1. If the viscosity is 1.567 mPa s and the temperature 4 °C, what Stokes-Einstein diffusion coefficient in µm²/s follows for the chain when Rh is the Kirkwood radius over Cα pairs?
2. Tell me, what is the percent relative contact order of region 67-152, built from C-alpha pairs under 8 Å that lie six or more residues apart?
3. Applying 1/(1 + (r/R0)^6) with R0 = 22 Å to the Cβ-Cβ distance of F87 and Q21, what FRET efficiency is obtained, to the nearest 0.05?
4. Below 15 angstrom from the Cβ of G15, what's the summed charge of the other residues (Lys, Arg +1; Asp, Glu -1)?
5. So which residue, out of A36, A92, A57, gets the largest mean-square fluctuation from a GNM of the chain using Cα contacts under 10 Å as springs?
6. In the chain, if the dipole is taken from +1 on Lys/Arg beta carbons and -1 on Asp/Glu beta carbons about the Cα centre, which of N114, F151, S48 is farthest to the positive end?
7. Highest mean first, what order results for 93-105, 128-140 on Cβ atoms within 10 Å?
8. Compute the relative contact order of the chain as a whole-number percentage, counting only Cα pairs closer than 8 Å that sit 6 or more residues apart in sequence.
Amino acid sequence: MPAFNINQFRSTLQGGARPNQFEVTLTFPAGIENGAGAVAPFLVTAASLPGQTIPPATVLYRGREVHLAGDRTFVPWTTTIVNDSTFIVRAALERWMNIIEDMGTKVGRIEPRNYLATLYVTQLDKNGTDLRTYQFIDAYPTDISEVGLSFGANNDISTFTCTWQYQHFYPYRDWETD
């Protein structure tokens, strides 16, 4: 085991990415944004970099399990959004879900290109410089959470979460160079 060396640790760390330095860019299908995309980077207060899993495909051979790589899966992505007094982002998300399936008529847009969008999350450094951007391909909202109301919440601003499904993601800069 190597000896502890603080100088080597510092030189290896390269500054460290901070979890509170990020920006989310939401794009919306045509006709429903009404300015929500412009304010979303300021109102999305929590997100995550995407996760992924390659589960094993198990094959039995003479009583033994042989594990091979299966198909990659992506967990849904969740964002937390500040609900400002204009409801600008929430209203756009509600319109988006309504074009997928109208609450009154139960009809919606049939062609995926009419309701899918590309979303971005960027990890920033302390100076606001992009460290890494992830692009979520063919995304759409699957769940908009309730907004809790309470007489006792005097010093709070309301928030809600939105869960997104997407086909896959690219680390944006890596994808551009491929």
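We did not get these values from a lab; they are worked out from the coordinates using the rules stated. Since we're looking at a predicted model, the values are computed, not measured. With ideal geometry, Cβ positions are generated from the backbone for all residues, glycine too; neighbour counts draw on all protein chains shown.
1. Details: Rh = 19.2 Å.
Result for D is 67 µm²/s.
2. On the way: 61 pairs, mean separation 16.5, N = 86.
Contact order relative to length: 19 percent.
3. On the way: r = 27 Å, r/R0 = 1.23.
Given R0 = 22 Å and the Cβ-Cβ separation, E is 0.20.
4. Working: positive: R10, R18, K126, R132; negative: D125, D130.
Value of the local net charge: +2.
5. A57
6. S48
7. Working: 93-105: 14.4, 128-140: 16.2.
Ranked from most to least packed, the peptides come out as 128-140, 93-105.
8. 24
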